[in-house]
Amino acid sequence: MARRSLEHSGDGLGEGGPIVVRGVRRQLLEEGRSRTQRGRADILVARRHKSWNNDGMVTHETAYPRLLPLPQRSFFLFGMRGVGKSTWAKQLLPDAPRFDLLDEGLYQSYLRDPSLFGRELARVPEGHWVVVDEVQRLPSLLNDVHRFIEDRRLRFALLGSSARKLKQTGTNLLAGRALSRVMLPLLPRELGADFDLDRVLRFGSVAVIVQSEAPDESLRAYVQMYLKQEIQAEALVRNLPGFARFLPISALFHGQVLNMAGLARDAGVARTTVTGYLDILADTQLAWLLPAFEARLRVKERQHPKLYWVDPGVVRAARGELHAPSAVERGPLFEGWVATLLRAYGDPITGLGPRYDGLAYWAPSTGGLEVDFVVRRGRHLAAIEVKAKQTLSSRDFSGLKAIAELKNVRRRVLVFLGDRPFRTEDGVDVLPVRHFKDEVETGRI
């Protein structure tokens, strides 16, 4: 996404006039063009026709609606780099002054004079919105954010690719005065007619990669950019080579129950270090952990979580695989894509739901059985199994057959790559992808 440079303007400010913070003449021109679209409900992620973004990726023109609504109060919005946070904010808040901390000049000016940010906020009319991009680069700015929320009733859109530094001791997290939201890669409903499962499983749906005319090369550059800009530049780890070894190995665990000892051994780092590295993946929005379902059964459920990367294209690039996915590889990729879809419409932090109250996987410690996902809505449970195949066998239903004995299981679903839905004799709903995603989007699962 193109960065916008913020420079001081010499323009005078009237009481009701436009606010130009570090002078955004070019910003005002761009915003003037977008004002005609202000009444539209759709928030667009735009792709520019055969232009170059800052990461050297060639893009072309189209636009996708984002489902995330604008909160009515101040909020943090986190998401992996290139997912479309800045574009979303520009479309939804076209008149808001913006502070882009990726602008090195702006960043350095606040380092030299921390009071400058507060003086600039003082020029913003009471009650207006303000956008701060890459807020994690200078967490100390949140003290002024807090003050202006209280004193001037300003509302802030605080965008960031990492919550890591904001979790450090002493950081002002605004004491509940700001909501937290996460933006995920483009969802099927956002891609619309452009949604192609095979392409998503190969290249993912991060906006900056979807934009690229060379997605394989862009994915390779994306992983290097992550190590350089997110990890090294922000000093998130002391041992960058160790983290660089860990990254592709952790990508091999996508969709698997975590074996911390094995992951530490393969990466050549201590187990405690691996725990910290996994936290970094979560804080930078690349991956997340799915807990095991716990119930009072005669058998003991596993307690270790599963690791899921948020985007199939990024996880493949992290392990150096840019070719078309093999049949074996498609299984974990498809399961991971379903996990992200369920999270998008179930986790309150995405702002799209919640449509249910909990998500886990089920795997008793005996028998070798597993069900990929258990969705909880109130006291009722839905069990979901994912199979990356078009033709099913009786073995594919083993986990769903076993979990039927679990109390409060009201529905069992198997999602597969076939074309037609059907129901088995013992009540399992077998759904093709298009039917499954429709049920998730409308809250029927």
query = Applying 1/(1 + (r/R0)^6) with R0 = 35 Å to the Cβ-Cβ distance of Ser180 and Leu322, what FRET efficiency is obtained, to the nearest 0.05?
reply = 0.55
query = Residues with amide H under 5 Å of Lys389's amide H, sequence separation 5 or more or different chain, H placed in the peptide plane at 1.01 Å from N; which?
reply = Leu417
note = Dividing the surface of the Cα convex hull of segment 170-239 by four yields a projected area in nm² of 7.5 nm²
query = Quick one: net charge of Gly242's neighbours, Cβ under 14 Å, K/R +1, D/E -1?
reply = +3
task = Mind ranking 304-315, 241-252 by how tightly packed they are, going by the mean number of other C-beta atoms within 10 angstrom, highest first?
result = 304-315, 241-252
request  = List every residue whose amide H lies under 5 Å from the amide H of Phe373, counting only residues 5 or more places away in sequence or on a different chain, with H placed 1.01 Å from N in the peptide plane.
outcome  = Trp362, Ile384
key: Sparse-neighbour loop sites [GluC sites (Glu not before Pro); segment 364-438; at most 10 other C-beta within 10 Å; DSSP]   = Glu405, Glu425
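Which pairs, out of Lys306/Lys387; Lys167/Lys437; Lys165/Lys387; Lys90/Lys306; Lys165/Lys437, put more than 29 Å between their alpha-carbon atoms?
Beyond 29 Å: Lys167/Lys437; Lys165/Lys387; Lys90/Lys306; Lys165/Lys437.
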task = Pull out the extension gain between Asp419 and Thr366, defined as 0.36 nm times the separation in residues minus the alpha carbon to alpha carbon distance; nm, one decimal.
result = 15.7 nm
inquiry  = Semi-axes of the equivalent ellipsoid for segment 281-410, please: Cα gyration tensor eigenvalues, times 5, square-rooted, ordered largest first, whole Å.
reply    = 25, 20, 14
query = So which chymotrypsin sites (Phe, Trp or Tyr not before Pro) in segment 200-238 pass both tests, a DSSP loop state and at most 11 other Cβ atoms within 10 Å of the Cβ?
reply = none
ask   = Over what distance in Å are the Cα centres of segment 235-309 and segment 357-395 separated?
value = 21 Å
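Since every read-out is calculated from the coordinates, none of them should be taken as a lab result. Since we're looking at a predicted model, the values are computed, not measured. Note: ideal-geometry Cβ built from the backbone for every residue, glycine included; neighbour counts use all protein chains shown.
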